[in-house]
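Chemist: Here you go, one structure.
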Amino acid sequence: MNTSDTTAVPDLTPAARTVARLLDAIGDEQLGAPTPCPDYSVRELLAHIDGLSLAFRDAARKDFGPTTGTDPGSSLPVLDEKWRTVLPQRLDELAEAWRQPSAWDGMTQAGGVDLPGQVAGRVALNELVIHGWDLARATGQEYDPGEASAAVSYEMVQPSDDDSLRDSIFGPPVAVPDDAPLLDRAVGMSGRRPDWRPGD
């Protein structure tokens, strides 16, 4: 995973809004459907997105506690019964928190891992991009997080000298043609098949 610091900071708002727009088209009957994340149904993927929205919101605010200190892989996430109203709000809060310059300064914590704010914000954006793609594929929706967000995601999933963090988050990369769309290449580097469909 590329965790290099840069002075420019990305905007999480387009990706957060893109994920939020997917929610309206998800029927209750789809909650048990499979997703590109082998361990997650749509229900659990939604719960994971909810949890990461809280965790990275609080990471941006430097508000440390259970939301930032818990390993998301320690148990299957449980979906809030009011997710249709709660999740869009939390996505908005996540994006707003990372619009504050202070979010990108100094150190913070997410998933029980201490890391620079410059890195945490990009990890949060990558989580939105990749899991937004997961959700769209699982529910049969079109998905375009925007070229800028896809570029940050693609950078984040690149191999680096120390892949221990990357390997703990993503599966082995899937080969994707060099001339494929940037989002497809990011998805492939995250260990997913860009042509994944329910039933695969």
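Chemist: Open to solvent by 40 Å² or more (accessible area, probe 1.4 Å), touching a helix residue (DSSP H, G or I) at 6+ places or on another chain (Cβ under 8 Å) and without any contact (Cβ under 8 Å) to a residue 24 or more places away in the chain: does that describe Asp92?
Modeler: no
Chemist: For the list (1) outside any helix (DSSP H, G or I); (2) within 14 Å of the chain's Cα centre (by Cα), I need the number of the one condition that Gly51 fails.
Modeler: Here Gly51 meets the rest and fails (1).
Chemist: Across segment 41-61, what is the total count of residues that are without any contact (Cβ under 8 Å) to a residue 60 or more places away in the chain and closer than 28 Å to Glu147 by Cβ?
Modeler: Of the residues in segment 41-61, 6 are without any contact (Cβ under 8 Å) to a residue 60 or more places away in the chain and closer than 28 Å to Glu147 by Cβ.
Chemist: Scan segment 102-123 for residues that are of a type in the set (Asp, Glu) and open to solvent by less than 10 Å² (accessible area, probe 1.4 Å) and report the count.
Modeler: The number of residues fulfilling the criteria is 0.
Chemist: With Pro34, Pro14, Pro10 as the choices, which residue is closer than 27 Å to Gly171 by Cβ, in contact (Cβ under 8 Å) with a residue 60 or more places away in the chain and in contact with a strand residue (DSSP E or B) (Cβ under 9 Å, 6 or more places away or on another chain)?
Modeler: Answer to the check: Pro34.
Chemist: Right, next: Quick one: is Val152 open to solvent by less than 60 Å² (accessible area, probe 1.4 Å), at pLDDT below 95 and of a type outside the set (Asp, Glu)?
Modeler: No, not satisfied.
Chemist: While we're looking at this one, here's another question. Residues of segment 65-102 being closer than 15 Å to His48 by Cβ and outside any helix (DSSP H, G or I), which ones?
Modeler: Thr70, Asp71, Pro72, Gly73, Ser74, Ser75, Leu76, Pro77, Val78, Leu79, Asp80
Chemist: Additional query: Looking at Arg61, Arg99, Arg57, can you tell me which residue is under 30 Å from Gly27 (Cβ atoms) and open to solvent by 30 Å² or more (accessible area, probe 1.4 Å)?
Modeler: Of Arg61, Arg99, Arg57, the one residue that is under 30 Å from Gly27 (Cβ atoms) and open to solvent by 30 Å² or more (accessible area, probe 1.4 Å) is Arg57.
Chemist: Exactly one of these conditions fails for Phe64: (1) under 14 Å from the mean Cα position of the chain (by Cα); (2) touching a residue at least 40 places away in the same chain (Cβ under 8 Å). Give me its number.
Modeler: Among (1) under 14 Å from the mean Cα position of the chain (by Cα); (2) touching a residue at least 40 places away in the same chain (Cβ under 8 Å), Phe64 violates only (1).
Chemist: Within the group Gly27, Gly69, which residue is modelled with pLDDT under 95 and either of a type in the set (Val, Ile, Thr) or surrounded by fewer than 17 Cβ atoms within 10 Å (Cβ to Cβ) (or both)?
Modeler: Just a single option satisfies the conditions, and that option is Gly69.
Chemist: Ok, one more. Looking at this structure, is Glu81 of a type in the set (D, E, K, R) and either over 24 Å from Ala20 (Cβ atoms) or open to solvent by 90 Å² or more (accessible area, probe 1.4 Å) (or both)?
Modeler: Spelling it out, Glu81 is indeed of a type in the set (D, E, K, R) and either over 24 Å from Ala20 (Cβ atoms) or open to solvent by 90 Å² or more (accessible area, probe 1.4 Å) (or both).
The values are calculated or read from the model by the stated rules, or taken from the named source; none is laboratory data. Just so it is clear, the structure is predicted and the values come from calculations on it, not from any experiment. Positions of Cβ are backbone-derived with ideal geometry, glycine not excepted, and every protein chain shown enters the neighbour counts. What goes into the accessible areas is simple: the full protein's heavy atoms, side chains included, and nothing from ligands, DNA or RNA. Shrake-Rupley method; radii C 1.70, N 1.55, O 1.52, S 1.80 Å.
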